[in-house]
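No value in this document is a laboratory result; all are computed from the given coordinates. Nothing here was measured: the structure is a model prediction, and the numbers come from that model. Here the Cβ is made from the backbone with ideal geometry for all residues, glycine too, and neighbour counts use every protein chain on show.
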Amino acid sequence: MIYNSMSRCKELFKPLHPGTVGMYVCGPTVYGDGHLGHARPAITFDVLYRYLMHLGYKVRYVRNITDVGHLEHDADDGEDKIAKKARIEKLEPMEVVQHYLNRYHKAMDALNVLPPSIEPHASGHIIEQIEYIKKILEAGYAYVSDGSVYFDVPKFNEKYGYGRLSGRNIDELLATTRDLDGQSEKRNPTDFALWKKAAPEHIMHWPSPWSEGFPGWHLECSTMGEKYLGTEFDIHGGGMDLKFPHHECEIAQSVAHNGAQAVRYWMHNNMITINGQKMGKSLGNFITLDEFFTGTHPKLTQAYSPMVIRFFILQAHYRGTVDFSNEALQGAETALRRMLDGWKRLQDLKPSAESTVDVASLRTRCYEALDDDLNTPIVIATLFDACRIINQINDGNAKATQADIDELRDIMQTFLGDILGIRLEEGGAASLKPYEEAVDLLLDMRREAKAKKDWATSDLIRDRLAAIGFSVKDTKDGGFEWSLK
Ligand code: ZN
């Protein structure tokens, strides 16, 4: 049985080993900058990880680093992306990997994504991958061809059925898969590489019984999933674009290797579009996370804080699409500010002896939403209901006891802070923009003071700003520039 989501997970989800959950998520293919596409799976599975831990499970969360075998064009053709960059820029391939990995980790920290329990590199598990291939060969579902090893998809299909996860049919696949040039060493166009003989210019290669070469991309996840989580484990996640062929191939590999499929629940987050278009370098809308945080991409009208990006992604259900636009992000920024203002107001609420509010159902509603296939938009809507109650109490339109206020505080801390992973300590500062405007305002007042030859006020504003850490420079046109020292 293949479960394609965590829908009604309360009834369905019983971990394999009581009290512990094994979870594997396909991590970044480390060849590009930490871009927006990396944010969604990371945030989706971070919320699941946080929620499972909140429920009291001990979670082993494995998120791999694809640093070898992810090829430029077709899955089995072309050049490894890391190797290509290393060759062009005359770098050691691991330098390329580390460079991108550092950037990725920095972006994940900014997004408040918790580090997984284990972050294995494909390049660090070559021996295990070779052993895995040997077993598939022994089982008869792979063949050696000119130093490469291919998985025999039609043969596997006859016995076990191929394509169940993605709903693909082998006959259709055979009819639609083009045999690319140089692929003649494969018996069938649907077959995929478990091991590839390295071309002479290929700089990342390892010895094997078949050739000096490198493992195919799909293999690393089957191998490292089994190594760290066992032959059967609870959850496997990734982006919807990985369902086929990557996860379909993973299933085939693990069934050929062990006789049974390794994964009990598959979870796939949907994709991100920008202004209704798919992200792509050729479309000029390939925006890195750093560019979002600093507002430096031409398509962005302002900077968006990491918490705004996180909140925006969680406002949609993980199986639905998310379309990024300046308008939508500004909407999320306002919404997050309202939410964090509610949290701030909550700290100063005065209790009454009597209560006119009903906070009892809020917690249940949040749990029900999370148990229903991780429905974060319903959690957010419920937390806005909590904010409405907070505002009513704050405005004197409702009364709450100390117990009500404590419950509201615990709900906001637990669901908004701990599980959705929004940093509450940032208070209402979802964006720095209001603060920047406040500095501009002070400097405008200083300019007016100068115009009136009110030197005392002008110097006071400059000196006080300097004491806080701002450096102010007067420009020739009578304006000013400022920066934080
Ligand atoms: Zn994978």
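Structure above, values below:
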{"read-out": "Rounded FRET efficiency, nearest 0.05, which uses the C-beta distance separating Asp241 from Ser184 and R0 of 35 Å", "value": "0.80"}
{"read-out": "Ratio Rg/Rh [Cα only; Rh per Kirkwood] for region 387-426", "value": "1.04"}
{"read-out": "FRET efficiency, Ala467 to Arg164 (Cβ-Cβ, R0 60 Å, nearest 0.05)", "value": "0.35"}
{"read-out": "Gained length - Ile118 relative to Gln347, 0.36 nm times residue gap less alpha-carbon distance", "value": "78.7 nm"}
{"read-out": "FRET efficiency, Asp410 to Asp372 (Cβ-Cβ, R0 22 Å, nearest 0.05)", "value": "0.50"}
{"read-out": "Distance (nanometres) between label positions extended 7 Å along Cα→Cβ at Asn275 and Gln302", "value": "1.8"}
{"read-out": "Inter-label distance, nm, simple model (7 Å from Cα along the C-beta direction), Leu441/Glu212", "value": "6.8"}
{"read-out": "Chain lengthening between Ala260 and Arg338 when straightened (0.36 nm per residue, less Cα-Cα)", "value": "23.1 nm"}
{"read-out": "Distance between region 179-230 and region 304-378 - C-alpha centres, whole angstrom", "value": "45"}
{"read-out": "Taking all pairs of distinct alpha-carbon atoms in region 432-484, Kirkwood radius in angstrom", "value": "11.2"}
{"read-out": "For the chain, convex hull of alpha carbons as volume per residue, Å³", "value": "182"}
{"read-out": "Label-point gap, in nm, between Asn102 and Thr364 - each point 7 angstrom along Cα→Cβ", "value": "5.3"}
{"read-out": "Computed over the chain: relative contact order in percent, which uses C-alpha pairs under 8 Å that are six or more apart", "value": "16"}
{"read-out": "Hull-based mean projected area of region 9-269, where the convex hull spans the alpha carbons, in square nanometres", "value": "13.8"}
{"read-out": "Cα coordinate range in region 285-428, projected on the principal axes (Å, largest first)", "value": "56, 31, 21"}
{"read-out": "Length released on extending from Thr20 to Asp323, taking residue separation times 0.36 nm less the Cα-Cα span", "value": "105.6 nm"}
{"read-out": "Sequence-separation-based contact order of region 285-428, relative, with Cα cut under 8 Å and 6+ spacing, percent", "value": "28"}
